[in-house]
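Encoded as structure tokens, the structure appears first; notes follow it.
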Amino acid sequence: MIFASLFFLYFFLPLNLLLYYAVFRKPAYRNLVLVLFSLFFYAWGEPIWIILLIFSASIDFLHGKFIEKHRGTPLAKLGVVSSLLLNLGILFLFKYSGFFIGSINSLLHLSLPVPAFRLPVGISFYTFQTISYIVDVYRGDVKAEKSYLGYLMYLSLYFQLVAGPIVRYRTVADEIASRRVSMEDFSDGLTRLSVGLGKKVILANTAGQIASKYLDGDLSGLSVGGAWFGAALFTLQIYFDFSGYSDMAIGLGRMFGFHFSENFSYPYLSKSVTEFWRRWHISLGSFFRDYLYIPLGGNKKHIFGNLFIVWFCTGLWHGASWNFVFWGLFYGFLIILEKLFLGKVLQKIPALFSHLYLIAAVVLGWVLFYFTDTSRLFVYLKTMFGAAGVPLWDLNLQVTFSNNVFWFIAAIAGCFPILPAISRWMSKWQGTTALLYIGRLVFTTAVLIISTAMLVGQSYNPFLYYRF
């Protein structure tokens with residue numbers, strides 16, 4: 001099940017809200033309602049993997065209590081090692097075993113049997129959440145959760161279960177046991193849900209439909225301009241797809257009394273790759289910083305080796321394919337250059353050129369990210385740089401761009417913080433509070449109507465990060 005579906009919007013969510021608020025004054029019951037709805041949400045596509053999710057929750061609930069009981073002793077460290085081996089072992093088995101054995105077969109010309117597991121949805125996200133919990137309990141940053149139902153709810157909450165953001169236990173620990181929802185919270189959450197839905201259905205799906213004609217078609221008939229146009233469209237699609245999902249997750253959390261941290265902060269406005277990764281998928285970047293980069297030594301020792309490890313792992317986390325590794329190392333290489341000298345250069349040159357550097361790097365990065373078939377990847381890159389003997393422009397590209405120029409302008413505008421700026425501007429004036437609420441209501445209603453209409457007649461509705 002996905003948020004951008006009619007079943008979710010007009011049956012699952014209203015029923016969940018109805019039952020949740022019917023028992024809202026009874027904490028144990030409202031947590032139970034969320035657990036049951038979350039497990040149903042997860043089982044909608046692959047019911048068998050509920051077993052794996054419950055196993056992960058159960059084993060780390062016990063690990064957390066064990067580590068807290070023996071904190072400060074070697075047994076606590078043993079508990080952390082045990083948890084890491086189990087969680088990372090399960091993740092490796094399902095996500096990476098086939099990739100690594102296939103790579104060994106190709107490298108050594110062997111014919112070892114390659115496992116073909118179906119990837120459990122969201123395993124990369126909830127594995128990182130439970131690892132962060134275990135490590136934080138070991139460090140003494142949080143106390144172990146006393147309620148099994150509470151921990152199962154934390155790990156299985158459908159708002160962020162299958163595609164993030166990666167929620168740290170310490171950010172929601174108090175709200176697991178006790179939370180309140182004001183009308184302002186609920187209103188803000190509904191608005192945020194609508195913004196995310198609009199990003200996904202109106203912008204991301206449209207970008208994806210057009211982009212697939214360039215990225216998935218016959219590459220021999222592609223012009224240089226067409227290759228860049230297709231890459232630019234995917235750049236927009238993946239941003240609106242993932243940030244839209246994060247907006248919906250954050251909005252849903254607010255409607256149920258949870259306050260999740262932001263996961264995107266207008267990353268395409270960045271002027272360096274370093275800044276971009278402070279704004280893009282913030283929960284993942286902060287996870288690797290706090291639980292891998294800093295423990296390795298951070299900026300204090302072996303900085304470039306640490307960066308290589310982190311960006312190799314970042315790429316591999318996104319998928320079991322070499323193109324994701326190339327993508328991660330591509331960003332790692334650029335960040336190393338920025339730390340060596342490029343960052344100072346970018347600060348001295350006009351902001352426009354720094355921004356253009358970042359956009360060019362991001363677009364090229366998303367090409368590496370998109371093509372799991374390395375042969376198609378290299379053909380596409382050759383086409384982008386005019387090394388494939390193709391024309392610079394073509395008539396189909398001109399027609400496509402002309403037919404979608406207003407949508408394209410709207411999508412570019414969506415990369416800027418226009419709506420928050422309008423809200424801040426209006427809030428400064430006396431007597432505009434009511435007007436602001438009316439405007440928000442009109443906007444929310446309009447987005448819901450347009451998105452619903454598009455979902456009714458739309459067969460193209462993928463969610464890119466489900467596969468990670």
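Restricting attention to the range 305-325, report how many residues are modelled with pLDDT of 95 or more, of a type in the set (Phe, Trp, Tyr) and more than 18 Å from Phe125 (Cα to Cα).
1
Given the residues Ala204, Ala173, which is the only one that is surrounded by 22 or more Cβ atoms within 10 Å (Cβ to Cβ), in a helix (DSSP H, G or I) and either at pLDDT 95 or above or of a type in the set (Gly, Ala, Ser) (or both)?
Numbers: Ala173 fails: surrounded by 22 or more Cβ atoms within 10 Å (Cβ to Cβ).
Within the list Ala204, Ala173, the selection yields Ala204.
Need pairs with beta-carbon distance below 6 Å; first residue under 17 Å from Ala28 (Cβ atoms) and within the range 169-191, second in a helix (DSSP H, G or I) and open to solvent by less than 40 Å² (accessible area, probe 1.4 Å); sequence gap 6+ or separate chains.
As it stands, the answer is Ile176/Gly150; Ile176/Tyr154, since those pairs meet every condition given.
Could you tell me whether the range 433-452 includes any residue that is among the charged types (D, E, K, R), in contact with a helix residue (DSSP H, G or I) (Cβ under 9 Å, 6 or more places away or on another chain) and open to solvent by 50 Å² or more (accessible area, probe 1.4 Å)?
If we filter the range 433-452 for residues that are among the charged types (D, E, K, R), which is where we start, we get 440.
Restricting the remaining residues to those that are in contact with a helix residue (DSSP H, G or I) (Cβ under 9 Å, 6 or more places away or on another chain) gives 440.
Of the ones still in play, those that are also open to solvent by 50 Å² or more (accessible area, probe 1.4 Å) are 440.
Yes - at least one qualifying residue is present in the range 433-452.
So which residues in the range 4-27 are small (Gly, Ala, Ser) and open to solvent by 60 Å² or more (accessible area, probe 1.4 Å)?
Just the residues of the range 4-27 that are small (Gly, Ala, Ser), to begin with: 4-5, 22.
Residue satisfying the conditions is Ala22 alone.
Could you please let me know if Arg30 is charged (D, E, K, R), surrounded by 15 or more Cβ atoms within 10 Å (Cβ to Cβ) and assigned to a helix (DSSP H, G or I)?
Numbers: charged (D, E, K, R): yes; surrounded by 15 or more Cβ atoms within 10 Å (Cβ to Cβ): yes; assigned to a helix (DSSP H, G or I): yes.
It is true that Arg30 is charged (D, E, K, R), surrounded by 15 or more Cβ atoms within 10 Å (Cβ to Cβ) and assigned to a helix (DSSP H, G or I).
Being open to solvent by less than 80 Å² (accessible area, probe 1.4 Å), among the hydroxyl-bearing types (Ser, Thr, Tyr) and either under 23 Å from Pro267 (Cα atoms) or in contact (Cβ under 8 Å) with a residue 60 or more places away in the chain (or both) is the requirement here; does Tyr460 meet it? Step through it out loud before you land on a result.
Numbers: open to solvent by less than 80 Å² (accessible area, probe 1.4 Å): yes; among the hydroxyl-bearing types (Ser, Thr, Tyr): yes; either under 23 Å from Pro267 (Cα atoms) or in contact (Cβ under 8 Å) with a residue 60 or more places away in the chain (or both): yes.
The answer is yes for Tyr460.
Out of Arg30, Arg25, report the one residue that is under 22 Å from Tyr169 (Cα atoms) and among the basic types (Lys, Arg). If you could, list the steps in order and put the result at the bottom.
Numbers: Arg25 fails: under 22 Å from Tyr169 (Cα atoms).
Exactly one of Arg30, Arg25 is under 22 Å from Tyr169 (Cα atoms) and among the basic types (Lys, Arg), namely Arg30.
Just need a number here: residues in the range 263-283 that are among the charged types (D, E, K, R) and touching a residue at least 60 places away in the same chain (Cβ under 8 Å).
The initial filter retains those residues of the range 263-283 that are among the charged types (D, E, K, R), namely 271, 275, 278-279.
This time we only want the ones that are touching a residue at least 60 places away in the same chain (Cβ under 8 Å), so: 271, 275.
The total comes to 2.
Have a look at Phe408, Phe416, Phe443 and point out the one that is touching a residue at least 12 places away in the same chain (Cβ under 8 Å), under 26 Å from the mean Cα position of the chain (by Cα) and assigned to a helix (DSSP H, G or I). Full working, then the answer.
Numbers: Phe408 fails: touching a residue at least 12 places away in the same chain (Cβ under 8 Å); Phe416 fails: assigned to a helix (DSSP H, G or I).
The conditions single out Phe443.
Being under 23 Å from the mean Cα position of the chain (by Cα), open to solvent by less than 60 Å² (accessible area, probe 1.4 Å), within 30 Å of Ser321 (Cα to Cα) and of a type in the set (Val, Ile, Thr): is that true of Val162 here?
Details: under 23 Å from the mean Cα position of the chain (by Cα): yes; open to solvent by less than 60 Å² (accessible area, probe 1.4 Å): yes; within 30 Å of Ser321 (Cα to Cα): yes; of a type in the set (Val, Ile, Thr): yes.
Yes; evaluated as a whole, the condition is true for this residue.
Among the numbered conditions (1) open to solvent by 20 Å² or more (accessible area, probe 1.4 Å); (2) under 16 Å from the mean Cα position of the chain (by Cα); (3) under 30 Å from Phe61 (Cα atoms), tell me where Lys199 comes up short.
(3)
Provide a single number: the residues in the range 104-142 that are touching a residue at least 40 places away in the same chain (Cβ under 8 Å) and surrounded by 13 or more Cβ atoms within 10 Å (Cβ to Cβ). Don't jump to the end; show me each part of the working.
At the first step, the residues of the range 104-142 found to be touching a residue at least 40 places away in the same chain (Cβ under 8 Å) are 118-135, 137-138, 140.
Those still in the list that are surrounded by 13 or more Cβ atoms within 10 Å (Cβ to Cβ) too: 119-135, 137-138.
Residues in the range 104-142 being touching a residue at least 40 places away in the same chain (Cβ under 8 Å) and surrounded by 13 or more Cβ atoms within 10 Å (Cβ to Cβ): 19 in total.
The values are calculated or read from the model by the stated rules, or taken from the named source; none is laboratory data. Model, not experiment: these values are computed from the prediction. All Cβ positions, even for glycine, are placed from backbone atoms using ideal geometry, and neighbour counts span all protein chains on display. For accessibility, only protein heavy atoms count, side chains too; no ligands or nucleic acids. Shrake-Rupley method; radii C 1.70, N 1.55, O 1.52, S 1.80 Å.
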